[in-house]
C-alpha cells in the first residue's frame, strides 16, 4: 500500500487517502486537535495529533470558517478494526454525530473520562508510531502537503514549510507556525 496525498504523490508503504470522512475528536481547539479518523476507503483508521497551528497574528474565531487556519497533524495507523471498536464503545454512551463527532459534549466529563481510560485508551495504545505528517486546513480537506515520518522527533521542527516542502509564497501572507505540544 502507498501513502497518497494531494495529486499523485506517493510516500511510504501505507495507504492514507486524505481527506478523512469520519473523525472522532477527543480534543478540540477551534477544530479537532487529537483523536481518531477514518479515511475514504473506510478500511483504515488513524490516530491523529495536532503538532502546529498557524499563528499569523490575524487569528480570530471565524478564521477557521474562512478556511484560513493551517494545521500540521501527525497520523499513526490503527490496527484493522480499531476505529470501528472505538465507535462501538462510544456509541453505547452517546449517539455518533458525523462527520466530526466530539464525544462528551452531551455527557458528564467524569463518565466520559472513565470510558476513555478503561475502554478507549487500550485501543489507542495499539496504534503504530506516526507514519505521516500533513499540512491542511482541516482533516476533512485536501492536504496542502504531506510527508512520511522518518524521525521520531517530528514534533520538534522549527520550519514546517521546509520540512513539508511547502512554498510559503504559495500560501496567504504572514503565515507563521508555532508548535502546540
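The values are calculated or read from the model by the stated rules, or taken from the named source; none is laboratory data. Everything numeric in this text was worked out from a predicted model, so none of it was measured. Cβ coordinates were reconstructed from backbone atoms using ideal geometry, including for glycine residues, and neighbour counts include every protein chain displayed.
With the requirement that a residue be farther than 19 Å from residue 19 by Cβ and touching a helix residue (DSSP H, G or I) at 6+ places or on another chain (Cβ under 9 Å), what does segment 117-153 give you?
Hits for segment 117-153 are 119, 120, 123, 124, 126, 127.
Which pairs do you get when a residue that is at positive phi, found in segment 97-117, comes within reach of a residue that is surrounded by 18 or more Cβ atoms within 10 Å (Cβ to Cβ), reach meaning Cβ atoms under 6 angstrom, with the pair 6+ apart or on two chains?
104/112
Any chance you could count how many residues in segment 81-100 are in contact with a helix residue (DSSP H, G or I) (Cβ under 8 Å, 6 or more places away or on another chain) and more than 22 Å from residue 128 (Cβ to Cβ)?
Count: 2.
Of the residues 31, 27, 35, which is crowded, with 21+ Cβ neighbours inside 10 Å, modelled with pLDDT of 70 or more and either within 17 Å of the chain's Cα centre (by Cα) or under 16 Å from residue 135 (Cα atoms) (or both)?
35 is the lone residue from the list that is crowded, with 21+ Cβ neighbours inside 10 Å, modelled with pLDDT of 70 or more and either within 17 Å of the chain's Cα centre (by Cα) or under 16 Å from residue 135 (Cα atoms) (or both).
Being in a helix (DSSP H, G or I) and surrounded by 15 or more Cβ atoms within 10 Å (Cβ to Cβ) is the filter here, so list the residues in segment 97-121 that pass it.
112, 115, 116, 119, 120
Listed here are the residues, each with its yes/no results for (1) surrounded by 11 or more Cβ atoms within 10 Å (Cβ to Cβ); (2) modelled with pLDDT under 80; (3) not in a loop (DSSP other than H, G, I, E, B).
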{"position": "128", "(1), (2), (3)": "yes, no, no"}
{"position": "139", "(1), (2), (3)": "yes, no, no"}
{"position": "153", "(1), (2), (3)": "no, yes, no"}
{"position": "157", "(1), (2), (3)": "yes, yes, no"}
{"position": "172", "(1), (2), (3)": "yes, yes, no"}
{"position": "175", "(1), (2), (3)": "yes, yes, no"}
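Within segment 85-96, can you find the residues that are assigned to a helix (DSSP H, G or I) and touching a residue at least 12 places away in the same chain (Cβ under 8 Å)?
Within segment 85-96, 85, 86, 87, 89, 90 meet the criteria.
Consider residue 88 against the criteria (1) over 19 Å from residue 146 (Cβ atoms); (2) modelled with pLDDT under 90: it satisfies all of them except one. Which criterion is unmet?
Looking at each condition in turn, residue 88 falls short on (2).
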